[in-house]
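Trainee: Got a structure for you, written out below as structure tokens; questions coming shortly.
The values are calculated or read from the model by the stated rules, or taken from the named source; none is laboratory data. What you see is a predicted model, and the numbers here were worked out from it, not measured in a lab. So basically every Cβ, Gly included, is an ideal-geometry build from the backbone, and we count neighbours across all protein chains shown.
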Amino acid sequence: MDQLVITGGVPLVGSVPISGAKNSALPILAASLLTEAPLTLGRVPSLQDVRTQLALLAHLGVAVDHRGDEVVALHAHTLAEPEAPYELVRTMRASFLVLGPLLARRGRARVSLPGGCAIGARPVDQHLAGLKRLGAELEVRGGYVEATAPRGLQGARLVMDQVTVGGTEHLLMAAVCARGTTVLENAAEEPEVVDLAAFLRTLGAKIDGEGTARIEIEGVDALSVPAAMGPVHCIMADRIEAASYLIAGAATGGSVTAEGVDGAHLGAVLDKLEEAGARVARGREHITVALEGSPRPVSLRTAPYPGFPTDVQAQFMALDCLATGVSRIRETVFENRFMHVPELARFGAQVSLEDARSAVITGVPKLVGAPVMATDLRASFSLVIAALAAEGETIIDRLYHMDRGYAAMTEKLLGLGAQVIRRRAP
């Protein structure tokens, strides 16, 4: 098992290339099951979760061909038995998204209930309720969802009880080849949903309203791929990765430019960085954040897009730990997303929990390096930020959490001037 050794106290300075978004790549890979035609995707990030999704596609009969850096060719011409086993679905929730495309393409599917980070209950009831409204017959048995569509999928009006990104993506994929018109109400507005819709539209899907709370889909008989040189679609930049490096730059008193990311996708995060005293330059293809001196305390509340993303909550908490004053963070999306708090305390941070969803952070003059352990994907980078800003050496264990969401992290940190080594644990 690998560990990260960081010697802190060095301001991060420079530019960092942002990889394709994991949260966009995974549903788009699942959507490749909808067409028999060969297709090529660009900017596919080299991440453990992506490798798991590609392994699942290969298990389902998709021909997978890696063509150079971040380019993957897929051909789902002949699918195998439409079953996604527990062994391939248990490590991440996005694997469950193959259910809808398999049901639309084959009329039946058997998919294991999902796993993923232990950050609270994330039920798939909205997914299943929507598929039933589209005409699927479902049975949950032995940890698997067994689904059939004996009369095919039929368009319907779907009003989701709560905003769910995965549920919106899942039902969007299932509906593109359903007969008639489907309307998704209370849909998620995240940029990753917009990216999925753009990919599907490239294949001939008829979608309108993505990026709003109401999406309308007119079903088509089949999806096809236009004759084109190069990738059919390039995955959008990972706004969560970009935010993580920008906050790290601010926490170390440096200046970091995230390259290849749209500043419009990070409005809430950049607003909070400016509130913390950082200088922020926003562009369509880059964002620069610089901070001199101690950050000001910033309180925040996570919310669905365009609110402050829950996936950046832990990273911003690490910055607040160095602020001059008291700040509060309210987590509204997941009920178990403060597992990084005990680890931050090992650096000398002063964070107290008012309840399972509310934290109070009292800033300290400095953090001190310590041995810590990553607890989930995004929380792991909060420890990296604390380590980069701390005095002395920090050793971070359980790097497999980071490998799920941060491509080439060690190389990118080194490019910003960080003193970091990845090594095998003794």
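Trainee: For the condition under 25 Å from Leu399 (Cβ atoms), in contact with a Pro (Cβ under 9 Å, 6 or more places away or on another chain) and touching a residue at least 60 places away in the same chain (Cβ under 8 Å), what is the one hit in Met1, Met92?
Mentor: That would be Met92, the only listed residue that is under 25 Å from Leu399 (Cβ atoms), in contact with a Pro (Cβ under 9 Å, 6 or more places away or on another chain) and touching a residue at least 60 places away in the same chain (Cβ under 8 Å).
Trainee: Here are some conditions: (1) crowded, with 23+ Cβ neighbours inside 10 Å; (2) farther than 20 Å from Thr288 by Cα; (3) touching a strand residue (DSSP E or B) at 6+ places or on another chain (Cβ under 9 Å). Pro371 meets all but one. Which one does it not meet?
Mentor: All conditions pass for Pro371, except number (1).
Trainee: Name the residues in segment 386-426 that are under 19 Å from Ser19 (Cα atoms) and in a helix (DSSP H, G or I), would you?
Mentor: Tyr400, His401, Met402, Asp403, Met409, Thr410, Glu411, Lys412, Leu413, Leu414, Gly415
Trainee: Further question on the same structure: Assuming Pro17 fulfils every condition listed in (1) under 24 Å from the mean Cα position of the chain (by Cα); (2) without any contact (Cβ under 8 Å) to a residue 24 or more places away in the chain apart from one, which condition is it?
Mentor: Result: Pro17 fails condition (2) only.
Trainee: Also: Could you look through segment 154-196, keep only residues that are assigned to a loop (DSSP other than H, G, I, E, B) and without any contact (Cβ under 8 Å) to a residue 60 or more places away in the chain, and pick out the one that is nearest to Leu97 (Cα to Cα)?
Mentor: Taking the candidates together, the pick is Thr164.
Trainee: Still on this structure, please answer the following. For the condition among the aliphatic types (A, V, I, L, M), farther than 17 Å from Leu300 by Cβ and modelled with pLDDT of 95 or more, what is the one hit in Leu377, Leu367?
Mentor: Just one listed residue meets the conditions, Leu367.
Trainee: Looking only at segment 280-308, which residues are part of a loop (DSSP other than H, G, I, E, B), touching a helix residue (DSSP H, G or I) at 6+ places or on another chain (Cβ under 9 Å) and not small (Gly, Ala, Ser)?
Mentor: Matches in segment 280-308: Arg284, Glu285, Leu291, Pro295, Arg296, Pro297, Val298, Pro304, Tyr305, Pro306.
Trainee: Now for a different question. I need the full set of residues from segment 197-218 which are assigned to a loop (DSSP other than H, G, I, E, B) and among the hydrophobic types (A, V, I, L, M, F, W, C), in order please.
Mentor: Leu203, Ala205, Ala213
Trainee: Say whether the condition of being modelled with pLDDT under 95, on the phi < 0 side of the Ramachandran plot and of a type in the set (Gly, Ala, Ser) is met by at least one residue in segment 9-23.
Mentor: No, because not a single residue in segment 9-23 is modelled with pLDDT under 95, on the phi < 0 side of the Ramachandran plot and of a type in the set (Gly, Ala, Ser).
Trainee: Can you go through Asp355, Asp397, Asp403 and tell me which one is surrounded by fewer than 20 Cβ atoms within 10 Å (Cβ to Cβ), acidic (Asp, Glu), under 21 Å from Glu241 (Cβ atoms) and outside the structural domain of Asp69 (by TED's automatic domain parsing)?
Mentor: When all the criteria are applied, what remains is Asp403.
Trainee: Can you tell me how many residues in segment 43-69 are outside any helix (DSSP H, G or I) and touching a residue at least 60 places away in the same chain (Cβ under 8 Å)?
Mentor: 5
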